[in-house]
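All remarks here apply to the structure that follows.
Every number in this text was worked out from the coordinates using simple rules, so none of it is lab data. If you're wondering where the values come from, they're calculated on a predicted model, not measured in any experiment. Here the Cβ positions follow ideal geometry from the backbone for every residue, glycine too, while neighbour counts run over all protein chains shown.
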Amino acid sequence: MDKRKENFKLGRFHGKKEATKNKSEAAIQRAVYSRQIINIVRSRRDNKNTAVRLIGYEVPLERYRGECIDLLGYDCEMNLWIIELKHGKSEENLEEIRDQVNRYTDHIKESQLLLEKDFKKVFYIPTKFRKVRRLILAPAEFYIEKSRSDFKD
């Protein structure tokens, strides 16, 4: 993989202007990114919610497009969030998705200083990101017949 060293396309839409289908993963991705913040509710019993400020949409990890993170954001503790979106009819299994998200995590960890430099250039805020968190965002029907797998640390 020819890894990206700059221009992670933070803070903007890029690619096609409109998704071809309203319920496609791309349409969902654009709708979520347009909100700029995702509020992650970890448990109905627990009031601990995590607000994630979205800074990247289809963040390219390779120099010439290639693999892209669906959504990238950060929380109030300056943890980066890699968010992979899946629609309910996705044929991928959790193991494949886990491997995909772990590849993205490894790349982001390797490129963190470059990403922080890009973040400062785009948002005018110097920062040091802490941990990398991962989330697969999918409707309940996606998980019904799929087995759960643990992510590596």
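What is the extension gain from K89 to K131, computed as 0.36 nm multiplied by their sequence separation minus the C-alpha to C-alpha distance, in nm to one decimal?
Working: separation 42, 0.36 × 42 = 15.12 nm, distance 3.10 nm.
So the chain would gain 12.0 nm between K89 and K131.
I need the calculated FRET efficiency for the pair R63 and A140, taking r as the beta carbon distance and R₀ as 41 Å, to the nearest 0.05. Using R0 = 41 Å, I get an efficiency of 0.65. Within a straight-line Cα-Cα reach of under 13 Å, K121 can be paired with the following aspartates and glutamates, leaving aside sequence neighbours fewer than 8 residues apart in one chain: E6.
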